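A.B. asks: One structure follows; several queries about it will come next.
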Amino acid sequence: MKGKPVIYPVHLTATYKFKQSDDLIDVVQNRSGFLYSRWDNPSVVEVENELAALEGADKALGFGSGMAAITTALVANIKAGHRIVATRQLYGATFEFLNEVLPKLNVETVFADCWDTDRLLREIETGVDILYLETPTNPLLRIVDVAPLARAARKKDALVMLDSTFASPINQKPLGLGVDVVIHSATKYIGGHHDITAGFLCCNRPHFENLWTHRKILGGVMDPMSAFLASRGLKTLELRVQRQNKSALHIAEFLETHTKIKTVYYPGLKSHPDHEIAKKQLAGFGGMLSFEIDGNFDQTKGFMDRLSHVKLATSLGGVTSLANQPITNTHAALSPQDRSKAGIGENLVRLSVGIEPVETLIGDLKEALKNV
Ligand SMILES: Cc1ncc(COP(=O)(O)O)c(C=O)c1O
């Protein structure tokens, strides 16, 4: 038949048939084709190749969630007795995995504040098998100075991993900063429409086989429908992120001058403590920002309840603007002391800027701030 689909189809199949045994044996021995979808699936391979090209990586691997990608990457690279150095400001479940699960396997993680480069360098000097970073951080958008840390860790023959979810592959290229394994929760910017739960690892060839084998064993592979939707997300990623970068800066500047706002956390503002690092490390400052209302918990909750275009929801990175009060959900499990150490107050709001007209979003925020 003449004519081929413009869009790569969804391959909803768990297994693959062969005309003769020799072909099946060849696939098993040489991975020259498809055998079973926990190993590889054409729709998943398609989006993996697209993302690898965008990240400038040799390879990418798709997972059923960001956490499946993170836990597989760590399990694939640890041995009993290993020492991981990590930034303390990590996504909650990542912190729990490092802090509560890996010690059961006799793997220790030392945490240091992500802005304290000197302390991180001292910990790396003391001994490191894996350096685990996440930047920009949640919810205060701190920017880790990646290159010197990665250089020091590589001198010690350590593997460097970085969760680049908040930046997306458009705003940050971690491989160029000396990172070995780049992590994305594709639930966020890559998917971009709040309709998939998915994750990716991107790496160069030396790390690929080990990660692939562990994905096969642990089983957290991406499903073909999510792969299809992630691939669709990639087609508009740059357009979306560029608009989100622009709108977020506009909103951050508006909030910074508003009398009912105490502080705005956005790496694109000169007032942000990591603005200089952000300028050298990021191609765009991102679509995420946080701010403190000049009020208490109830006043902040009231503000949230008055938003109409911006939806009250957790998650981030999609076409619809979402806001949440970190202390009620993403950081609810932290003790009041840990929360205050992390700088997460009862009046803090996190905003994920979508692709709506920025005037609509500013109008919504203005209206909701009126009664604070
Ligand atoms: C920075 C970061 N990493 C990883 C994850 C986990 O991703 P998922 O929910 O897709 O497992 C999240 C989720 O919010 C995140 O924000």
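A.B. asks: How far is the Cα center of segment 189-247 from the Cα center of segment 90-136, in Å?
C.D. replies: Going from one Cα centre to the other spans 24 Å.
A.B. asks: If you rank His331, His184 by how much accessible surface each has, with a 1.4 Å probe, what is the order from largest down?
C.D. replies: Details: His331 25, His184 0 Å².
Listed by decreasing accessible area, they come as His331, His184.
A.B. asks: A follow-up question, please. Taking amide H atoms as placed 1.01 Å from N in the peptide plane, list the residues 5 or more away in sequence, or in a different chain, whose amide H sits under 5 Å from that of Thr263.
C.D. replies: Here Glu292 satisfy the definition.
A.B. asks: Continuing with this model, one more query. Got a number for carbon plus sulfur as a percent of the chain's accessible area, 1.4 Å probe?
C.D. replies: Roughly 52 percent, rounded to a whole number.
A.B. asks: Which shape class applies to segment 21-232: rounded if a/c is under 1.5, otherwise prolate when a/b exceeds b/c and oblate if not, where a ≥ b ≥ c are the square roots of the Cα gyration tensor eigenvalues?
C.D. replies: Numbers: a/c = 1.90, a/b = 1.48, b/c = 1.28.
The shape class here is prolate.
A.B. asks: Can you list the lysines whose alpha carbon sits under 28 Å from that of Lys2, skipping same-chain ones fewer than 8 residues off?
C.D. replies: The reachable lysines, counting only those whose Cα sits under 28 Å from Lys2, are Lys17, Lys19, Lys235.
A.B. asks: How much net charge surrounds Ala76 when only other residues with a Cβ under 13 Å from its Cβ are counted (Lys, Arg +1; Asp, Glu -1)?
C.D. replies: 0
A.B. asks: Here's a follow-up. Compute the accessible area per residue over segment 21-232, keeping the other protein chains in place, probe 1.4 Å, unit Å². Working shown, then result.
C.D. replies: Values: 8060 Å² over 212 residues.
Dividing the accessible area of segment 21-232 by its residue count gives 38 Å².
A.B. asks: Take the cross-link list Lys188/Lys279; Lys59/Lys311; Lys79/Lys156; Lys59/Lys79; Lys246/Lys279; Lys79/Lys155 and give me the ones stretching past 26 Å between alpha-carbons. Display every interim value, and only then the final one.
C.D. replies: Working: Lys188/Lys279 23 Å; Lys59/Lys311 36 Å; Lys79/Lys156 16 Å; Lys59/Lys79 24 Å; Lys246/Lys279 15 Å; Lys79/Lys155 19 Å.
Violating the 26 Å Cα-Cα cut-off are Lys59/Lys311.
A.B. asks: May I pose another question? Cα axis of helix 42-55 to longest principal axis of the chain: angle in degrees, 0 to 90, nearest 10?
C.D. replies: So the helix axis and the longest Cα principal axis differ by about 50 degrees.
A.B. asks: Show me, for segment 280-291, the HN-Hα J-couplings you get by feeding each phi into the Karplus relation (A = 6.51, B = -1.76, C = 1.60, θ = phi - 60°), rounded to Hz, glycine and proline as x.
C.D. replies: 7, 9, 10, 7, x, 7, x, x, 10, 8, 10, 8
A.B. asks: Please calculate how many Å² of accessible area segment 237-370 carries per residue, with a 1.4 Å probe and no DNA, RNA or ligand atoms counted. Write out the running numbers ahead of the final one.
C.D. replies: On the way: 6080 Å² over 134 residues.
Heavy-atom SASA per residue in segment 237-370 reads 45 Å².
A.B. asks: Oh, and also: Counting only DSSP beta bridges with both residues in segment 237-370, tell me the antiparallel percent, nearest 5. Present the calculation step by step, with values, prior to reporting the outcome.
C.D. replies: Details: 12 of 14 bridges.
Approximately 85 percent, going by the DSSP bridge assignments.
The values are calculated or read from the model by the stated rules, or taken from the named source; none is laboratory data. As the structure is a prediction and not an experimental result, all values here were calculated from the model. Cβ sites come from the backbone with ideal geometry, for glycine too, and all protein chains shown count toward neighbours. Accessible surface areas use protein heavy atoms only, side chains included; no ligands, DNA or RNA. Shrake-Rupley method; radii C 1.70, N 1.55, O 1.52, S 1.80 Å.
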